[in-house]
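Student: Next up is a structure, given as structure tokens.
The values are calculated or read from the model by the stated rules, or taken from the named source; none is laboratory data. Owing to the predicted nature of the structure, the values given are computational and were not obtained by experimental measurement. With ideal geometry, Cβ positions are generated from the backbone for all residues, glycine too; neighbour counts draw on all protein chains shown. With ligands, DNA and RNA removed, areas are computed over all heavy atoms of the protein, side chains included. Shrake-Rupley method; radii C 1.70, N 1.55, O 1.52, S 1.80 Å.
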Amino acid sequence: IHLIPKLVSDRTDEISWSLDDFFQQKDSFDLLKIDVEGSEKRILKGLENTLQKGKNTRIVVCTYHRQHDEKELSELLKNKGFSTHCSKGYMIFRNGIEKPYLRRGVLKALKLT
């Protein structure tokens, strides 16, 4: 395990590091789980080059934090060659969010080639 005292983001600077920059120095990954309280899209944007060239890659990403995450993250991953599907069932939200109050919880993505 290597601890890196930076935030994971869509860019690299003095306090942040994109996963594209991280994986330039390391091997790619087989499985990546992303649950970052609404910043999932930002993390994936900072991983675009790695996603483009990745093979046999699985991603599990939370989609319930923002209203359109399920659709937007699925499209982003499909454009990189992934097949996607959502978890069964819905999460129910009643306070502080826009309709619909039901959201899928997790998007699963797989790229075999």
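Student: Would you check the accessible area of Tyr101, probe 1.4 Å, heavy atoms only, in square angstrom rounded to 10?
Tutor: 90
Student: When DSSP beta bridges are limited to those with both residues in the chain, what percentage is antiparallel, rounded to the nearest 5?
Tutor: Among the beta bridges of the chain, antiparallel pairing accounts for roughly 65 percent.
Student: Still on this structure, please answer the following. Heavy atoms only, 1.4 Å probe, whole protein assembly: order Glu37, Glu75 by accessible area, highest first.
Tutor: Listed by decreasing accessible area, they come as Glu37, Glu75.
Student: Sticking with this one: Can you work out ³J(HN,Hα) from phi for every residue in the range 55-61, in order, using Karplus 6.51 cos²θ - 1.76 cosθ + 1.60 and θ = phi - 60°, giving whole Hz and x for Gly and Pro?
Tutor: 10, 6, 10, 10, 10, 10, 10
Student: Output the relative contact order of the range 1-55, whole-number percent, from Cα pairs under 8 angstrom with separation of 6+ residues.
Tutor: Reported as a whole number, the value is 36 percent.
Student: Could you work out which residue, out of Lys26, Lys80, Lys71, moves most in a Gaussian network model of the chain, that is, has the largest mean-square fluctuation with Cα springs under 10 Å?
Tutor: Its mean-square fluctuation being the largest, the pick is Lys26.
Student: Cross-link partners among aspartates and glutamates for Lys26, C-alpha distance below 19 Å, same-chain residues fewer than 8 apart left out?
Tutor: Within the straight-line cut-off, Lys26 pairs with Asp10, Asp13, Glu48.
Student: Heavy atoms only, 1.4 Å probe, whole protein assembly: order Val36, Val61, Val106 by accessible area, highest first.
Tutor: From most accessible down to least: Val36, Val106, Val61.
Student: Once you charge only the Cβ atoms, +1 for Lys and Arg and -1 for Asp and Glu, what is the size of the charge dipole of the chain about its Cα centre, to the nearest 20 debye?
Tutor: For the chain, the charge dipole is close to 520 debye.
Student: Let me have the relative contact order for the chain, percent, based on Cα pairs under 8 Å that are six or more residues apart.
Tutor: RCO, the chain: 24 percent.
Student: Taking percent of Cα pairs over 20 Å apart straight from the coordinates, which label in (1) 38; (2) 34; (3) 42 is the correct one?
Tutor: (3)
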